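The values are calculated or read from the model by the stated rules, or taken from the named source; none is laboratory data. As the structure is a computational prediction, the values presented were derived from the model and not from experiment. Glycine gets a Cβ as well: all are built from the backbone with ideal geometry, and neighbour counts include every protein chain shown.
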Amino acid sequence: MLSHLFYGLAKVLRPDIFLLLLLGVWGGIAIGSLPGLTATMGVALLLPVTFGMEPEAGMLLLLGIYIGAIYGGSVSAILLRTPGTPAAAATAMDGFEMAKRGEAGKALGISTTASFIGGIVSTLMLITISPILAKIALKFSAPEYFALAIFGLSIISSISGKSPLKGIIVGVFGLLVSTIGMDPMTSYPRFTFGNVNLLNGFSFIPVMIGLFGLAQALYNVEESEQAVKIQQKVEGVLSALSEIKRILGTAVRSAVMGTFIGIIPGAGADIAAFVSYNEAKRWSKHPEKFGTGIPEGIAAPEAGNNGVTGGAMIPLLTLGIPGDAVTAILLGALMIQGLQPGPLLFKEHGELVYTIFSGLLVGNVLMLISGLLGIRLFIKVLSVPKNILTPLIFVLCIVGSYAMNNSFFDVGVMLASGVIGYIFMKLDFPASPIILALILGPMAESNLRRSLIMSGGNYSIFFTRPISAFLLTLALITFITPFLKDFIKRKNLGN
């Protein structure tokens, strides 16, 4: 295996291919940092460029964009509280709070380091145990997907700050909104009121941009006199390196979780980020500090969502099944080159497979170097006067929400979401549960109904299958833990 890796590394370090990989990483960071321009969109836009390239060059260009974009989403999440990608929504909770304290450089340094750890760990797992992990993914059917969605929804009570009940209220509201559109089983329109724009429901990207970006801009306008001044401290980058020992355990654990979630087709980096954030909070000795701006609150979601990059490649390369939307495009890129992903790919095109492995390793190193060197440039955003920065955020929100589907309806959704997000901020309601509900609600509903069709209406199917039973048990524990902690705390105070 080592000889194959060295061959792949030599191929990656060939000047023309290395340059393409570097340009892919830089382009991915730029795409990811702009709200609305997701990793999927970036890879899709550059796919036609690879048609005339040799397979190794084309794949590494696209993988560079993938790696860079997943990391890039954290830049705007930390500096502006406007996640560049859905996967960075969890990062905004602690990252922006740290930036407000004047530790933007430190927050970006932690994000970059954790992203690197997540990418490297997932790639090493891809190289060493991909066939074994792929077999686990094959065991997932409708009941397991339903249980996974419920587990994802159960963390709402944990990421809701001081009031789990407020988080649940917002989460239920998000689940109700997620039912708008065509029925997933019968395709019958629900709650569309004759509006064709609602047939596919609300896209969560405009909603996310509105809830986080526009809401923050509106809040800045209102608080212009007493606005929080975010000081730029580039020196914080060095202090971020001193935090490595503190965040290493969290980052590695989150990277492993992100890899496993990436293996499961359809889960994706956004789910991995929120699950990793919740588990970091559960393992922490000071969970009450999450949401106030602590290193672990940045390291966990960033290592988790970057862990998906290697994890999602496992079912793609070993089974020909894409792990997420980006790898679905990469599947198309391979097939355009006349290659069929699956077990035979390792046998017939082993050089390409190990070039991809080496490219992922080198790509993550390039992302680390580019991210750390670019912090001085990123942080210049904070020196822009507020009367210029706030309108700029408005423009980015409008462009980002329109760019996804070229739809002014999405711009309207973003504006409405921004007003709702602003009201939530004033009432101290968390916004993250809505995004989680919009992502996982349709997944839970469709797989619940498919499971009941499989079992003839018997709900025991969820408890007789080991993986779904385990996930549902874990979901129950996750859901009730914050309430138990709150009860015990109030009881102790009463005594």
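Report, by residue number, each residue of segment 451-472 that is in contact (Cβ under 8 Å) with a residue 40 or more places away in the chain and touching a Phe, Trp or Tyr at 6+ places or on another chain (Cβ under 8 Å). Once the filter is applied, which keeps residues that are in contact (Cβ under 8 Å) with a residue 40 or more places away in the chain and touching a Phe, Trp or Tyr at 6+ places or on another chain (Cβ under 8 Å), segment 451-472 yields SER451, PHE462, ILE467, SER468, ALA469, LEU471, LEU472. Of all the listed residues (ILE136, ILE155), the sole one being within 28 Å of ALA469 (Cα to Cα), among the aliphatic types (A, V, I, L, M), modelled with pLDDT under 85 and surrounded by fewer than 22 Cβ atoms within 10 Å (Cβ to Cβ) is ILE136.
Here is the figure for segment 1-33: residues that are surrounded by 22 or more Cβ atoms within 10 Å (Cβ to Cβ) and closer than 30 Å to CYS397 by Cβ total 7.
Quick one: would you say LEU61 is at pLDDT below 80 and either on the phi < 0 side of the Ramachandran plot or surrounded by fewer than 24 Cβ atoms within 10 Å (Cβ to Cβ) (or both)? No: the conditions fail for LEU61.
The condition (being outside any helix (DSSP H, G or I), under 27 Å from PRO442 (Cα atoms) and at pLDDT below 85) is satisfied by just one residue among GLY266, GLY262: GLY266. Filtering segment 426-462 to residues that are small (Gly, Ala, Ser) and surrounded by fewer than 17 Cβ atoms within 10 Å (Cβ to Cβ) leaves SER455, GLY456, GLY457, SER460. Considering every residue within segment 36-54, establish whether at least one is within 22 Å of ASN220 (Cβ to Cβ) and in contact (Cβ under 8 Å) with a residue 60 or more places away in the chain. Yes, segment 36-54 contains a residue that is within 22 Å of ASN220 (Cβ to Cβ) and in contact (Cβ under 8 Å) with a residue 60 or more places away in the chain. When segment 416-447 is filtered for residues that are over 21 Å from the mean Cα position of the chain (by Cα) and part of a helix (DSSP H, G or I), the ones remaining, listed by number, are ALA416, VAL419, ILE420, TYR422, ILE423, PHE424, MET425, LYS426, LEU427, GLU445, SER446, ASN447. Please verify whether LEU352 is crowded, with 17+ Cβ neighbours inside 10 Å, more than 22 Å from the chain's Cα centre (by Cα), modelled with pLDDT of 80 or more and assigned to a helix (DSSP H, G or I), treating the condition exactly as stated. Yes. Of the numbered criteria (1) of a type in the set (Phe, Trp, Tyr); (2) in a loop (DSSP other than H, G, I, E, B); (3) surrounded by 18 or more Cβ atoms within 10 Å (Cβ to Cβ), the one PHE212 fails is (2).
Checked against the criterion of being buried (at least 17 other Cβ atoms within 10 Å of the Cβ) and modelled with pLDDT under 85, segment 413-421 has no qualifying residue. Among residues that are free of Cβ contacts under 8 Å to residues at least 40 places away in the same chain, among the hydrophobic types (A, V, I, L, M, F, W, C) and either assigned to a helix (DSSP H, G or I) or under 18 Å from VAL362 (Cβ atoms) (or both), ALA10 is included. Scanning segment 460-492 for residues that are touching an Asp or Glu at 6+ places or on another chain (Cβ under 8 Å) and in a helix (DSSP H, G or I) turns up ILE467, SER468, LEU471.
Answer with yes or no whether LEU165 is in a helix (DSSP H, G or I), surrounded by fewer than 17 Cβ atoms within 10 Å (Cβ to Cβ), over 18 Å from the mean Cα position of the chain (by Cα) and of a type outside the set (S, T, N, Q). Criteria met by LEU165.
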